[in-house]
Amino acid sequence: MTTNRRADDGSVIVWFRDDLRLADNPALVAAAQSGRAILPVYVHDEESHGIRRLGGAARWWLHHSLTALSGALKRHGADLHIFNGPAVEIVPKLAHTSGAAAVCWNRRYQQAEGALDDTVAVELEADGVEVETFNGKLIHEPDEIRPKSGFYKVYSAYWKAADASGALPEPEPAPKRLRGAEMPSGKVQATTLGKLGLLPTRPDWSGGLAQAFTPGETEALRKLGRFVETDLAAYGERRDNPGVDGSSRLSPHLRFGEISPRQIVAAVKEASRTAAGKVKAQKFLQEIAWRDFSYNLLFHAPDLATSPFAERFEHFPWADVPKASIRAWQQGRTGYPIVDAGMRQLWRTGWMHNRVRMITASFLVKDLLCDWRVGERWFWDTLCDADPANNAVNWQWVAGCGPDAAPFFRIFNPVLQGEKFDPKGTYVREFVPEIKDLDARFVHKPWEAPAEALHAAGIRLGETYPHPRVRHDEARDRALAAFKASREG
Ligand code: FAD
């Protein structure tokens, strides 16, 4: 922090990024507590070097999340000002023209974002503007939980250390009232949300997303309340069953910071104060800590979305997969009902159940022997919760090339996975309606159904529903051979 030439009279800019909420937002709380007038801003930056452009589903979410944030800020007395362009130019210029005394923000952890924030901070401080930054995104920031040297690469060790690290600060409530600052007229031109062009047009494919989700802080808090009340106790038993609404579905809200992980942890701990409750909550707390762990990995290995952590996978003999096979996977036409249901859930709703993310990813990487980065990119474009750390780390986990990954030779059998986790076929019937009337014995392997069963269910294999694109046993052998070759080569 530097000596501040405007300390007494200036306003404070709150620079919103992946923290689109009012409650437990440390940057906003600090700004409100300063007693200064507040200028809330959002800068849509697709120009700065290394900042990955958001995918389509995430852009849709962002639009609605900003709408919700803008409404909430207005109700509290301040207007959100939106800008489009390089933050590295806009934020210092805005601070200068508005005579701001300080700029507050919550930290980000991708390399390009960190570098950009550092540059902005240097410019601001050189101009006599105070900079204050906070942790508003993670339970523990990268490096807060660390071994004696290096960083944790194995989740179990990370979790053990994180779990033993002591109490967390209490989440802060939303400031009661904000004193909005006037937006200066002049050099920095604000824009409107509509002009950012975040919503899909021609065609507008977002109907299914809007049916499945309501972006915004109010809904995030409502969902947390409902989850804690009705689903937390059985989370450990039900989280793996895609036909059951057993997980929190908070991921897109977390992705855009409409709720903080510390709010979630506090609510979960509060709801599980008995010994039995603690045991039940533990599984959920472990899952949410995977998010921190992923950020810890991304912070230390910034290229995780594009480079295998295990270098020997750099030369893995991926197959030259025909475009038609990749399209069949993307569109849910592989002939494996659990894979197809997952990919269609993703396309229709912008979200997919965790177990099915693992099954569909495994199918692409191991049954089709396709480079995992093809899948990472598809998920990035289609998931509302597409997250730079979680997506990359989980794809590497499935592909076997991550720091703490499933071994490559552990290959999911899509039929057995379906039968185990969706035994009645509830999930596949919802998303693959052309096989919904098939007997549960065959719903995960229609090709084994006798002709009468197919006929009774109105299915003509190869016409109304595809034959399996690959034979799993053969695909498995091919994947194992490729793995063996990669180790020998
Ligand atoms: P819950 O089970 O209710 O868990 C609560 C929260 O914990 C989640 O919202 C999430 O923030 C965190 N969490 C849970 N599981 C994981 C995990 N395995 N890794 C990291 N964090 C986790 N999650 C994303 O948020 N964004 C992604 O882009 C993403 N891509 C994935 C890609 C693949 C191939 C796989 C296998 C998983 C991916 N995940 C991703 C992780 C996980 O599938 C989702 O976080 C989870 O399904 C979200 O549903 P939920 O909110 O109901 O989860």
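Net charge near residue 197, counting Lys/Arg +1 and Asp/Glu -1 over other residues with Cβ under 11 Å of its Cβ? Local charge sum for residue 197: +1.
Over the chain, what is the percentage of antiparallel beta bridges among all DSSP beta bridges, to the nearest 5?
Numbers: 1 of 20 bridges.
Taking every DSSP beta bridge with both residues in the chain, the antiparallel ones total about 5 percent.
In this structure, residue 149 and residue 440 have a Cβ-Cβ separation that, at R0 = 51 Å, corresponds to a calculated FRET efficiency of about 0.45. Across segment 137-239, Cα-Cα pairs farther apart than 19 Å form 75% of the total.
Can you tell me how much longer the chain between residue 416 and residue 156 gets when fully stretched, taken as 0.36 nm per residue apart minus their C-alpha distance, in nm with one decimal? Let's see the in-between values first.
Details: separation 260, 0.36 × 260 = 93.60 nm, distance 2.69 nm.
Stretched fully, the residue 416-residue 156 segment lengthens by 90.9 nm.
Taking only the alpha-carbon positions of segment 353-487 and ignoring solvent, what does the Debye formula give for the base-10 log of I(q)/I(0) at q = 0.12, 0.15 Å⁻¹? The Cα Debye sum returns log10 ratios of -0.54, -0.81. Largest accessible area first, the residues 153, 187 order themselves as 187, 153 under a 1.4 Å probe with ligands, DNA and RNA left out. So what does log10 I(q)/I(0) come out to for segment 84-141 at q = 0.15, 0.17, 0.24, 0.30 Å⁻¹, using the Debye formula with one equal point on every Cα and no solvent? Relative scattering, expressed as log10 I(q)/I(0), comes to -0.44, -0.55, -0.99, -1.29. With R₀ set to 51 Å, the beta-carbon distance separating residue 211 from residue 455 gives a calculated FRET efficiency near 0.95. The phi torsions of segment 83-89, fed into the Karplus equation with coefficients 6.51, -1.76 and 1.60 and a -60° offset, translate into couplings of 10, 10, x, x, 4, 4, 8 Hz, rounded to whole numbers, with Gly and Pro shown as x. When the P(r) is computed for segment 311-399, the part past 21 Å accounts for 22% of the Cα-Cα pairs.
For segment 146-191, count the residues as N, evaluate 2.2 N^0.38 Å, and divide the Cα radius of gyration by that value, please. Can you show the working numbers first?
Values: Rg = 21.7 Å, N = 46, 2.2 N^0.38 = 9.4 Å.
For segment 146-191, the normalised Cα radius of gyration comes out at 2.30.
Largest first, the extents of the alpha carbon coordinates of segment 208-252 on the three principal axes equal 28, 22, 13 Å. Measuring how big segment 167-226 is from its alpha-carbon positions, Rg and Dmax come out at 18.1, 50 Å.
Listed values for segment 259-268 are Karplus-derived 3J(HN,Hα) couplings in whole Hz (6.51 cos²θ - 1.76 cosθ + 1.60, θ = phi - 60°), namely 8, 9, x, 6, 5, 5, 4, 4, 5, 5, and x replaces Gly and Pro. Per residue, the convex hull spanned by the Cα atoms of segment 122-180 measures out at 156 cubic angstrom. In straight-distance terms, cross-link reach from residue 160 covers every one of the lysines whose alpha-carbon lies under 20 Å from its own, apart from those fewer than eight places away in the same chain; here that gives 148, 269, 278, 280, 283. Once the Cα-Cα distance is subtracted from the 0.36 nm per residue extended length, the residue 233 to residue 75 segment shows a gain of 53.3 nm. Evaluated with a Cβ-only charge set (Lys, Arg +1; Asp, Glu -1), the chain carries a dipole of roughly 900 debye about its Cα centre, given to the nearest 20. Remark on residue 134: its backbone amide H falls under 5 Å from those of 105, 106, 107, a criterion applied only to residues 5 or more positions apart or on other chains, H modelled at 1.01 Å from N.
Divide by every residue of the chain the summed helix terms, -39500 (n - 2.57) for each DSSP H run of at least 4, and state the resulting mean residue ellipticity at 222 nm, rounded to the nearest 500 deg cm²/dmol. Spell out each step's value before the answer.
Details: 20 runs with 219 residues, N = 489.
Helix-only estimate at 222 nm: -13500 deg cm²/dmol.
Extension gain for residue 481 to residue 426 (0.36 nm times residue separation, less C-alpha to C-alpha distance): 16.3 nm. The modelled label-to-label distance for the pair residue 119/residue 170, using points 7 Å beyond Cα in the direction of Cβ, is 4.2 nm.
Show me the ranking of peptides 467-474, 161-168 by mean Cβ neighbours inside 10 Å, starting with the highest.
Working: 467-474: 14.8, 161-168: 11.5.
Put in order of decreasing packing, that is 467-474, 161-168.
Extent along the principal axes, Cα only, for the chain: 81, 52, 48 Å, with the longest axis given first.
Solvent-accessible surface of the chain, taken per residue with a 1.4 Å probe and all protein chains present: 44 Å².
For segment 1-147, the alpha-carbon coordinates run over 43, 42, 30 Å along the three principal axes, in decreasing order. Taking Cα atoms only, the orientation of helix 337-349 departs from the longest principal axis of the chain by about 30 degrees. One equal scatterer on each Cα of segment 203-350, no solvent, Debye formula: the resulting log10 I(q)/I(0) at q = 0.13 Å⁻¹ is -0.84.
The values are calculated or read from the model by the stated rules, or taken from the named source; none is laboratory data. Keep in mind the model is a prediction, meaning the values are calculated, not measured. Cβ: placed from backbone, ideal geometry, glycine included. Neighbour counts: every protein chain shown. The protein model used for the area step is the full one, side chains on, heavy atoms only, and it has no ligands, DNA or RNA in it. Shrake-Rupley method; radii C 1.70, N 1.55, O 1.52, S 1.80 Å.
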